[in-house]
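Peer 1: The structure's right below; bear with me while I get my questions together.
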Amino acid sequence: MQYSQKVLDHFMHPHNVGKMENPDAVATEGSPACGDQVTVYLKVDKDSHVIEDIKFLSYGCASNIATASIITDLAKGKNLEAAKQISWRDAMEALDGLPPVKVHCSVLAADTLQTAISNYEIANGLKEVPNFSKDTITEELKKIIYPKVGEDIVSLKMVKYVGFNNGEVLIDMNMMNFDQWRENVAEEIREHLEKYPEVKNIKINFP
């Protein structure tokens, strides 16, 4: 697997790594059981809303560590509104790219940063807790990368239908039975949605 020099540099010498004492916000995304997990800690100036300090802990591969390192670099010193615009694509570009099967690591790093920011805003009365809906499900599906090409399954039109009713999630997928990544994608979908208490059951249909 070919990594850029920047990925290797951030993997071998990660920035902002470590646990933060008394953070203003914290978020953990992913799962060690599935192979990758990231925790992000924030220290935010209450007047300017600038991220004064940011730390991360990572469990996973070289790409996981490198993307968490670069995403914290990108966020440090920015105000919350600017940091909320940081995407997984920004992390990929800053690292000079990732192999397609590792793009999900940049999504995980960016997602954890955004969750930490959201947790800070909710705790400090800057926003309300968002309602769970079909839109929430769709936004989560946009974070799931098809490993063969390194693009999300919504952009690739692999999601045919999303339904949600009384805790039941129904997702119809457009992936053939010979696709080697079907089970991987299904597992990712469940991991992204099971964290929501509103979700009681997930049914994923393939052709």
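Peer 1: With respect to Ser48, is the statement that it is hydroxyl-bearing (Ser, Thr, Tyr), within 30 Å of Val149 (Cβ to Cβ) and at pLDDT 95 or above true?
Peer 2: Numbers: hydroxyl-bearing (Ser, Thr, Tyr): yes; within 30 Å of Val149 (Cβ to Cβ): no; at pLDDT 95 or above: yes.
Against the criterion (hydroxyl-bearing (Ser, Thr, Tyr), within 30 Å of Val149 (Cβ to Cβ) and at pLDDT 95 or above), Ser48 does not qualify.
Peer 1: Say we look at region 191-207 and pick out the residues that are surrounded by 15 or more Cβ atoms within 10 Å (Cβ to Cβ) and not aromatic (Phe, Trp, Tyr); which of these is farthest from Lys134 (Cα to Cα)? Even if it seems obvious, please write down each step before you answer.
Peer 2: Start the filter on region 191-207 by keeping residues that are surrounded by 15 or more Cβ atoms within 10 Å (Cβ to Cβ), which leaves 191-193, 199, 202, 204, 206.
Applying the additional criterion that residues be not aromatic (Phe, Trp, Tyr) yields 191-193, 199, 202, 204.
Working: Glu191: 17, His192: 14, Leu193: 11, Val199: 11, Ile202: 13, Ile204: 15 Å.
Out of the qualifying residues, it is Glu191.
Peer 1: Can you find a residue that is more than 20 Å from His104 (Cα to Cα), touching a residue at least 40 places away in the same chain (Cβ under 8 Å), assigned by TED's automatic domain parsing to the domain that holds Val101 and surrounded by 13 or more Cβ atoms within 10 Å (Cβ to Cβ) anywhere in region 29-38?
Peer 2: Taking region 29-38 as the starting set, the residues that turn out to be more than 20 Å from His104 (Cα to Cα) are none.
No.
Peer 1: Could you tell me which of the residues Val101, Val154, Val169 is in contact (Cβ under 8 Å) with a residue 12 or more places away in the chain, more than 30 Å from Ser48 (Cβ to Cβ) and assigned by TED's automatic domain parsing to the domain that holds Val50?
Peer 2: Result of the check over Val101, Val154, Val169: Val101.
Peer 1: Can you tell me which residues in region 111-125 are over 20 Å from Gly18 (Cβ atoms) and crowded, with 16+ Cβ neighbours inside 10 Å?
Peer 2: Those that are over 20 Å from Gly18 (Cβ atoms) and crowded, with 16+ Cβ neighbours inside 10 Å: Asp111, Gln114, Ser118, Glu121.
Peer 1: Exactly one condition in (1) under 27 Å from Ile71 (Cβ atoms); (2) among the charged types (D, E, K, R); (3) surrounded by fewer than 14 Cβ atoms within 10 Å (Cβ to Cβ) is not met by Glu168; state its number.
Peer 2: Exception for Glu168: condition (1).
Peer 1: So Lys76 fits all but one of (1) basic (Lys, Arg); (2) buried (at least 19 other Cβ atoms within 10 Å of the Cβ); (3) in the same structural domain as Ala27 (by TED's automatic domain parsing); what number is the exception?
Peer 2: (2)
Peer 1: For region 21-50, what are the residues that are under 13 Å from Ser118 (Cα atoms) and among the hydrophobic types (A, V, I, L, M, F, W, C)?
Peer 2: Ala25, Val26, Ala27, Val40, Leu42, Val44
Peer 1: Looking at region 79-95, which of the residues that are over 25 Å from Ser4 (Cα atoms) and not aliphatic (A, V, I, L, M) is surrounded by the fewest Cβ atoms within 10 Å (Cβ to Cβ)?
Peer 2: Kept after step one, since they are over 25 Å from Ser4 (Cα atoms), are these residues of region 79-95: 79-82, 84.
Filter again for not aliphatic (A, V, I, L, M), leaving 79, 81, 84.
Numbers: Asn79: 13, Glu81: 9, Lys84: 15.
Looking at residues that are over 25 Å from Ser4 (Cα atoms) and not aliphatic (A, V, I, L, M), I get Glu81.
Peer 1: What about Ala25, is it farther than 21 Å from His192 by Cα, surrounded by 13 or more Cβ atoms within 10 Å (Cβ to Cβ) and not polar (S, T, N, Q)? Outline the logic, then answer.
Peer 2: Values: farther than 21 Å from His192 by Cα: no; surrounded by 13 or more Cβ atoms within 10 Å (Cβ to Cβ): yes; not polar (S, T, N, Q): yes.
Here the answer is no, as Ala25 does not meet what is asked.
Peer 1: Next up: Of all residues in region 96-108 being at negative phi and part of a loop (DSSP other than H, G, I, E, B), which is surrounded by the most Cβ atoms within 10 Å (Cβ to Cβ)?
Peer 2: In the first step, residues of region 96-108 are kept if they are at negative phi; the result is 98-108.
Imposing the further condition that a residue be part of a loop (DSSP other than H, G, I, E, B) reduces the set to 98-99.
Details: Leu98: 25, Pro99: 15.
Once the filter is applied, the top-ranked residue is Leu98.
The values are calculated or read from the model by the stated rules, or taken from the named source; none is laboratory data. Note that the coordinates shown come from a computational prediction; the quantities given were computed from them, not determined experimentally. All Cβ positions, even for glycine, are placed from backbone atoms using ideal geometry, and neighbour counts span all protein chains on display.
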